[in-house]
Amino acid sequence: MSRIPRNRLGDLERAVLEHLWTGAAPPAGATVRQVHDAVGLERGLAYTTVMTVLDRMAKKGLVTRERDGRAWRYTAAASREELTSESLHHALGELAGTERRSALLHFLDESTPEELDELRAALAQLEARSIGTQPPARRPRAGHLRRGPT
């Protein structure tokens with residue numbers, strides 16, 4: 001991963017990465033022209049603006065580039081999930097132990113039941129990987145138990 005913090009993306013950087021991540025860009029990467037046509041035109045940006053942003057993104061480690069004749073082809077350096085994880089780790093890493101716990105608890109307090117279920121499933125998957133077994137069957141949470149006829 002890059003030594004330059006990549007946790008804060010500008011609107012244009014985010015739009016460029018979304019274009020590269022969604023598969024709208026060719027698998028071998030997109031040229032400045034292709035990114036400009038997909039992202040820059042709708043924003044009224046000059047070709048050179050998109051070229052400069054892609055160059056800066058390459059220097060930040062957000063995209064990689066390879067020569068293709070006279071042009072560069074750009075690809076995202078990390079997946080959306082990897083970049084999100086890096087951003088979360090960076091934000092939490094700036095907090096001391098009790099502040100980190102408080103931030104996590106605040107985040108969880110603001111989460112929906114569905115988001116908490118996703119988190120439980122992710123934790124079970126992580127625990128299963130660490131001990132080399134499959135996660136236990138998911139049990140309904142208290143209050144969500146189905147009751148049959150009695």
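The values are calculated or read from the model by the stated rules, or taken from the named source; none is laboratory data. Bear in mind that the values here come from a model prediction, so they are computed numbers and not experimental data. When we count neighbours, we look across all protein chains shown, and the Cβ atoms used for this are built from the backbone with ideal geometry, even at glycine. When the accessible area is computed, the model is the full protein with side chains, heavy atoms only, and any ligands, DNA or RNA have been set aside. Shrake-Rupley method; radii C 1.70, N 1.55, O 1.52, S 1.80 Å.
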| Two-site label geometry, His106 and Glu66: point separation in nm, points 7 Å out along Cα→Cβ | 4.4 nm
| Charge tally in the Cβ shell below 14 Å around Phe107, where Lys, Arg are +1 and Asp, Glu are -1, Phe107 excluded | -3
| request: Give the calculated FRET efficiency between Glu114 and Thr75 to the nearest 0.05, with a Förster radius of 25 Å applied to their Cβ-Cβ distance. | output: 0.15
| message | I'd like the accessible area for Asp109: 1.4 Å probe, protein heavy atoms, all chains in place, Å² to the nearest 10. | response | 130 Å²
| field | Environment charge at Arg80 (Cβ cut-off 12 Å; Lys +1, Arg +1, Asp -1, Glu -1) | value | -3
